[in-house]
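Notes to accompany the following structure.
The values are calculated or read from the model by the stated rules, or taken from the named source; none is laboratory data. Quick caveat, the model's predicted, so the values are computed rather than measured. Cβ atoms come from the backbone with ideal geometry, glycine included; neighbour counts cover every protein chain shown. Accessible surface is based on the protein model in full, side chains and every heavy atom, while ligands, DNA and RNA are left aside. Shrake-Rupley method; radii C 1.70, N 1.55, O 1.52, S 1.80 Å.
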Amino acid sequence: MYMLEIENLTKKFGKFTALNNVNLQVEEGEVFGYVGPNGAGKTTTIRVLLGILQATSGTANVFGKDAWKDAVEIHKRIAYVPGDVNLWANLTGGEVIDLFVSLRQKSDKAKRERLIEKFELDPTKKCRTYSKGNRQKVALIAAFASDADLYILDEPTSGLDPLMGEFFVEEVLNLKNSGKSVLLSSHILSEVERLCDRVGVIMKGNVIKTGTLDELKQSAACADGKLPDSMEELFMRYYKVSEGV
Amino acid sequence: MRGNFDYTGKLVKFMLRRERIIAAIWIIVLVLFSVALAPGLETMFPDNETRENIILIYDNPIMVSMMGPIFDIDGEFTTGTIYAGMMLLWVMIAVAIMNIFIVIRHTRADEERWRAEVIRSLPVGRLSTVHAAMLTALIINTVLAVLTGLGLAATGTESMGFGGSMLYGAVLGASGLVFAAITAIFCQLSASSSGAFGLSFLALGGSYMLRAAGDVGNEVISLISPFGLAQRSMVYAENELMPLWGLLAIAFAFAALAYKFNSMRDLGQGFIPARMGRREAKKSLLSSFGLSFRLLKNSIIVWTITLFMLGASYGSIIGEIDRFVGDSPEYLTLVGLTPELLDTLSDSDKADMIVDGFGGFVTIMMTLIALVPLLMFALKPKNEEIDGRAEGILSRSVSRQKYLAGYVIIAFAMSIIVQLCTVVGLYGAAESTVREGEIGEVAAILNPFVFEKLLAANFAYLPAMWLIIGLAVFIVGLLPKAGGVVWGYYGFICFMALIGNIPDLLPAWLSNLSPFNFIPEIRVTNFDLFPAAESSAVPLIVLTGIAAALTVIGFIGYRKRDLITH
Ligand SMILES: Nc1ncnc2c1ncn2[C@@H]1O[C@H](COP(=O)(O)OP(=O)(O)OP(=O)(O)O)[C@@H](O)[C@H]1O
Ligand SMILES: [Mg+2]
C-alpha cells in the first residue's frame, strides 16, 4: 500500500488549471522530493492532500483513505509544515508548538525541549516578534515533535540560515532511519540530493518526470553527456524538453 | 563628529509626507465633528430651562465620572460650557490616540522593521528621529488646534466666543502633544511597537480614570491627568490659561526625558525587555475551542464591561428622565407616545410610562451596540482563514465543523451575556440612584423598572440577534469574501431602528427586512393602563428558526468548500 497516492488529479481555480492530471505515489519509508519552479503547483498538490482544497477531478488518497472525506482521520497520522507559516501575534512560540502538537496527540516533552534547544528558538517570545525563519522553526519543531507516519514539508527551509538548514537535514534523516515517510517540496538541490530517494518534477501543473535524482539527471543530460549540476540547470533543461513536446 | 539633531528638517518633511493622508483624515473628521455639533447643541438647549434640565441629568457621580464636570458662569450654564463639558474629553481622547499612532509609526515601528537603520546610516543625528517625530506631532496638533478654534468661532454661537474657541483648540492640541511626548518615552522604554502601544494606551486609560476619580472626589487628583488638567481651563466659562501653559510645559518636559532615554540606548533595543510570555501552553489552550476562546478573551472582557457601564449610565439618568424629556415632542415620538396620551394620565402612571418608553428605547440602542462584538466573533474564522492561520489548525486533526463551532458557540453565548450585562447595568444603576420621590414631581416611586420585565424585553431581541449571527455564519460558510454584506445588513438594521419609528416614512416591506421589526415590545415597568400591543411568540420562533437554518447551511457550506488560500 502506498502512503499517498494521487491519480489523474486535476485542480482548477475558475478557468485556471493549477494541476493537470497529476499522478504521484509515495511509498512507505520513502523520502519523496517534490520539485518545480514557482507556481508549478507543489503547494496546491499538498493542499489537496491535506483536504484544504478539493480535487476538481481524480483522486488523492492518503493511507488508502480519501484526502477530502477522511481528512480528520488522516491528519491524526500526518505532520505538516506549510511554506508560509502564519501564527497568532499574541501567542508565544512555545504555546503554538504545544497547541499544534496537541491537536494531534499527547506531546512528548523531552522531544520538544531537545528540538527547541537544537533550533535555538526562544519559545517565550510572542509570535509577532518572530522573523520568518523563527516562524518556520515553530512549525518545524511542532512537526518533528509529533510522532506521525507521514511528514509533509512544503519548502520548510526557505527562511532558515544554512546551519539551521543542516539541522533540518539531520532531523529528516532521523525520520528516514526510523522508517517514516516524507513528502518534501524544495528548491534546494543539495537538500533533495541528500535526503530524497525519489523525486517528482512538476511544471505548470504537470508532473513531467518521477524517478531517482540520478535518473532525472540522466534524462536531462545534454547531447555532450554533461549532467546538470544545479536545480536551475535541471529546470532549464526540463523547460526545454517540455517546450519541445 | 556630527550633531545630535542633524538632518531633522529633512526627516520632518519625510514624515509629514508619509502622514499627509492619514493626518488629513484625522483632522478633517475631528474638526467637522467638533464644529458640526455646536449648532445642534444650541438648538437642543435654546434656553436656560432646558440647559438646567440637562445639567440635572449630568449631576450625579456616574455621569460626572464618565464625562467630567460641566462648569458654570456664576451659576448659569451656556451652550458653550455644556459643549466644552460634553465634548472636550472625548475629542481629547481621539487626539491622544492620533498622537500615539503618529509617534509610534515614525519611531519604534520603523525601528522594528529596521527602516530606521537605513536612515541612521545617513548623516542623521542620534536624536533626529525622535526629535523629528515630536516636531511632526507639533505641526499636526497645531493645525488641528487652529482649525478647531477657528471652526468653533465661525459657528457664531453666542456663548462660544473667539477667545474661548481658540483656547478650546489650544488645550486640545496641547493635550495631544502631552500624549505624543508620553508615547515617545514609551518608545524608548519598550523594545517593541506593540509594547509601546500597550503602555501608551495604559497611560491614556489611566489618565481617564485618574480624572474620573478626581472629578467625583478630590479635584487635585484630576490635575495629575492631562485630561483633567485640560478641562480645568474651563473653556467658555472662566477661560483659564494656566492649564494650557501647564500642558505645554509637561509636553516639553516629557519630550526632553524621551530624548534623554533615546541617547542612552542602542538602536532596536529598549529599557524594558520585551515581555516574556509562557514557555509552555496552559492546558486550556490546547484545543481548537481553547484557541478561539483565547483569541477572543480580551474582547469578551472589554465588551462585557463596556456594555455594563453603558447600561449603568443609562440607568443612572432614570431619576431625572421626565424633567429632561417629559414634554419634548422629539422624545415622545422616539418612544412612541403622544402629548395627548400623556395628558390623560396620573403622575405616577406618567412616570412609569415615560420610563417604560425610555427603557424600550435603551433596549434597542444597547442591542444594536451589543451586536458589534457578536458579529466580530462570528466573522473571526473568516479573518483567520484569509490571514492563513486557519490552515494551521485544519491541517491537524480538527474537523471543519469543530473549528467553526469554536467561534460560533462563543458568538451565540455572548449574545446572552451582553443582554444580561445591559439589564443588570440598567437595573442596578436605576436601583441605586433613584431615590424616593425623585421621578419628576411624582411621589413615592422607587426604581420603576421591574427586573423580570426588563430581562424579558432584552431577551426578546435574542432571536433577532441570532438571525444576524446566523447570517454571518452563512457568509463565512458560503461566501467568505463577502463579509461586508453582514456589516451592510447591520448598518441597515441600525438605520431602520432609528428611522423606523417615524410613521409612514418607509414602505412596510422595507421595514420588514429588519428582524427588529418583529420583536414585540414588552413593558419594562408596572405600567399597564394601555396593554401592550397583542404579542405572540410566533415571530420569535420564526426568527429563531431562520437563524438556525442559516447557521446550519453555513456549517454545511464551510465543510464543502475550498479554504481560501493565497
Ligand atoms: N486559491 C487560488 N486561486 C487562484 N489561483 C491559485 C490559488 N492557489 C494557487 N493558485 C495558482 O496555482 C498555481 C500553483 O500555485 P502553487 O502555490 O501550488 O505553486 P508552488 O509550486 O507551490 O510554487 P512556489 O514554489 O512558489 O511555492 C499558481 O499559478 C498560483 O497562482
Ligand atoms: Mg508553494
(request) Order the peptides B:23-32, B:451-460 from the highest to the lowest mean number of other Cβ atoms within 10 Å of their residues. (result) B:451-460, B:23-32
(request) Starting at the first residue of the stretch B:365-373, write each ³J(HN,Hα) from the Karplus equation 6.51 cos²θ - 1.76 cosθ + 1.60 with θ = phi - 60°, in whole Hz, x for Gly and Pro. (result) 4, 5, 5, 4, 5, 5, 5, 4, x
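Report, to the nearest whole %, how much of the accessible area of the stretch B:1-269 belongs to carbon and sulfur atoms, 1.4 Å probe, protein only.
Values: 8000 of 11550 Å².
Exposed carbon and sulfur together represent 69 percent of the surface.
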(request) Give me the distance between the Cα centres of the stretch B:83-106 and the stretch A:1-41, rounded to whole Å. (result) 55 Å
(message) Longer than 22 Å from Cα to Cα, which of A:42/B:481; A:137/A:180; A:69/A:106 are they? Say none if no pair is.
(response) A:42/B:481; A:69/A:106
(request) Set the Förster distance to 41 Å, then compute FRET efficiency between residue A:109 and residue B:122 from the Cβ-Cβ distance, nearest 0.05. (result) 0.25
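Highest mean first, what order results for B:543-554, B:175-186 on Cβ atoms within 10 Å? The partial results should precede the final answer.
Numbers: B:543-554: 18.3, B:175-186: 28.5.
Put in order of decreasing packing, that is B:175-186, B:543-554.
Just counting partner chain Cβ atoms within 10 Å, what average do the residues of peptide B:294-301 show around their Cβ? Working shown, then result.
Values: counts 5, 4, 0, 1, 1, 0, 0, 0.
Mean number of neighbouring Cβ atoms from other chains: 1.
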(request) Would you be so kind as to list the residues of the stretch B:546-566 that have their accessible area lowered by at least 40 Å² in the full protein complex compared with their chain by itself (1.4 Å probe)? (result) B:559, B:562, B:565
(request) Convert each backbone phi in the stretch A:67-83 into a coupling constant with the Karplus relation 6.51 cos²θ - 1.76 cosθ + 1.60 (shift: θ = phi - 60°), then list the ³J(HN,Hα) values in order as whole Hz, x for Gly and Pro. (result) 4, 7, 6, 9, 3, 4, 4, 4, 5, 4, 10, 10, 10, 10, 10, x, x
(message) Defining a contact as two alpha carbons under 8 Å apart and six or more residues distant in sequence, what relative contact order in percent does the stretch A:72-146 show?
(response) 49 percent
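Extension gain residue B:16-residue B:481, at 0.36 nm per residue separation less the Cα-Cα distance, in nm? Don't skip to the end; give the middle numbers.
Working: separation 465, 0.36 × 465 = 167.40 nm, distance 3.46 nm.
Stretched out fully, the residue B:16 to residue B:481 stretch lengthens by 163.9 nm.
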(request) Ignore the peptide's own chain and count Cβ atoms of other chains within 10 Å of each Cβ in B:381-392; give me the average, rounded. (result) 3
(message) Report the A-B buried area as the accessible area lost on both sides summed, probe 1.4 Å, in Å² to the nearest 100.
(response) 3400 Å²
(message) Taking beta carbons within 10 Å but only from partner chains, what does the mean come to for residues A:122-135?
(response) 3
(request) Over the stretch B:214-314, give the accessible area per residue in Å² for a 1.4 Å probe, as an integer. (result) 55 Å²
(request) Could you work out, for the stretch B:197-273, what percent of all Cα-Cα pairs fall into each 5 Å distance bin, beginning at 0 Å and stopping at the bin that holds the largest distance? (result) 3, 14, 16, 20, 18, 11, 9, 5, 2, 1
(message) Taking a virtual spin label 7 Å from the Cα of residue B:73 along the C-beta vector, which residues in the stretch B:221-255 bring their backbone nitrogen under 14 Å of it?
(response) B:234-240
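Tell me, in nm to one decimal, what length is gained between residue B:536 and residue B:256 on full extension, where the rule is 0.36 nm per residue of separation less the Cα-Cα distance?
Working: separation 280, 0.36 × 280 = 100.80 nm, distance 6.77 nm.
Roughly 94.0 nm would be gained on extension.
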(request) Averaging sequence separations of C-alpha pairs under 8 Å and six or more residues apart, then dividing by the length of chain A, give the relative contact order as a whole percent. (result) 25 percent
(request) Can you spot the lysines whose alpha carbon is less than 19 Å from residue A:240's alpha carbon? Ignore those fewer than 8 places along the same chain. (result) A:204, A:209, A:217, A:226
(request) Could you list which residues have their amide H under 5 Å from that of residue A:182, counting only those 5 or more apart in sequence or on another chain, with H placed in the peptide plane? (result) A:30, A:31, A:32, A:151
(message) Test of understanding: in a Gaussian network model of chain A with alpha carbons linked when under 10 Å, which of A:213, A:103, A:175 would top the mean-square fluctuation ranking?
(response) A:103
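Residue B:475: net charge of surrounding residues, Cβ under 13 Å, Lys/Arg +1, Asp/Glu -1, itself excluded?
Details: positive: B:380, B:382, B:481, B:561; negative: B:385.
After counting each charged neighbour, the total is +3.
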(request) Select from B:247, B:3, B:77 the residue farthest towards the positive end of the dipole of the stretch B:1-269; place +1 on Cβ of Lys and Arg, -1 on Cβ of Asp and Glu, and compute about the Cα centre. (result) B:3
(request) Work from the charge dipole of the stretch B:1-269 (Cβ charges, +1 for Lys and Arg, -1 for Asp and Glu, about the Cα centre) and give the residue of B:12, B:174, B:198 farthest towards its positive end. (result) B:12
(message) Roughly how far apart, in whole Å, are the Cα centres of the stretch B:392-430 and the stretch A:132-179?
(response) 37 Å
(request) Please report the relative contact order for the stretch B:1-269, taking Cα pairs under 8 Å with a sequence separation of at least 6, and give it as a percent rounded to a whole number. (result) 26 percent
(request) Could you run the Karplus curve 6.51 cos²θ - 1.76 cosθ + 1.60 with θ = phi - 60° over the stretch B:379-388 and give me ³J(HN,Hα) per residue in whole Hz, x for Gly and Pro? (result) 8, 3, x, 5, 5, 4, 5, 5, 7, x
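In the neighborhood of residue B:65, defined by Cβ-to-Cβ distances under 11 Å, what is the net charge if each Lys or Arg adds +1 and each Asp or Glu adds -1? Before the final figure, lay out each step's value.
Numbers: positive: B:211; negative: B:215.
Local net charge: 0.
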(request) Express in whole angstrom the spacing between the alpha-carbon centres of the stretch B:1-39 and the stretch A:63-88. (result) 49 Å
(request) For residue B:49 paired with residue B:548, estimate the spin-label separation in nm (one decimal), with each label point 7 Å from Cα along the Cα-to-Cβ line. (result) 5.5 nm
(message) List the GluC sites (Glu not before Pro) within the stretch A:38-136 that DSSP assigns to loop and that have no more than 12 neighbouring Cβ atoms inside 10 Å.
(response) A:120
(message) Give me, ordered by chain and number, the residues 5 or more places off residue A:3 or on other chains with an amide H under 5 Å from its own placed amide H.
(response) A:26, A:27, A:28
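Once you charge only the Cβ atoms, +1 for Lys and Arg and -1 for Asp and Glu, what is the size of the charge dipole of the stretch B:1-269 about its Cα centre, to the nearest 20 debye?
Working: 17 positive and 20 negative charges, 394 e Å.
The calculated dipole for the stretch B:1-269 is roughly 1900 debye.
Past 31 Å, Cα to Cα, is the threshold; run A:65/A:118; B:282/B:382; A:11/A:109 against it and keep the listed order. Before the final figure, lay out each step's value.
Details: A:65/A:118 35 Å; B:282/B:382 26 Å; A:11/A:109 40 Å.
As for pairs spanning more than 31 Å Cα to Cα, those are A:65/A:118; A:11/A:109.
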(request) Report the charge-dipole magnitude of chain A in Debye, nearest 20, computed about the Cα centre from +1 at each Lys and Arg Cβ and -1 at each Asp and Glu Cβ. (result) 820 debye
(request) Compare each residue of the stretch A:82-107 in its chain alone against the assembly with all protein chains, and report those whose accessible area goes down by 30 Å² or more; 1.4 Å probe, heavy atoms. (result) A:86, A:88, A:91, A:95, A:98, A:99, A:100, A:102, A:103, A:104
(request) Search the structure for amide H atoms under 5 Å from the amide H of residue B:278, placed 1.01 Å from N in the peptide plane, and list their residues when 5 or more places away or on another chain. (result) A:92
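Grab the Cα-Cα distance for residue B:431 and residue B:28, subtract it from 0.36 nm times how many residues apart they are, and report the gain in nm with one decimal. List each step's numbers first, then the result.
On the way: separation 403, 0.36 × 403 = 145.08 nm, distance 4.21 nm.
Length difference between fully extended and current span is 140.9 nm.
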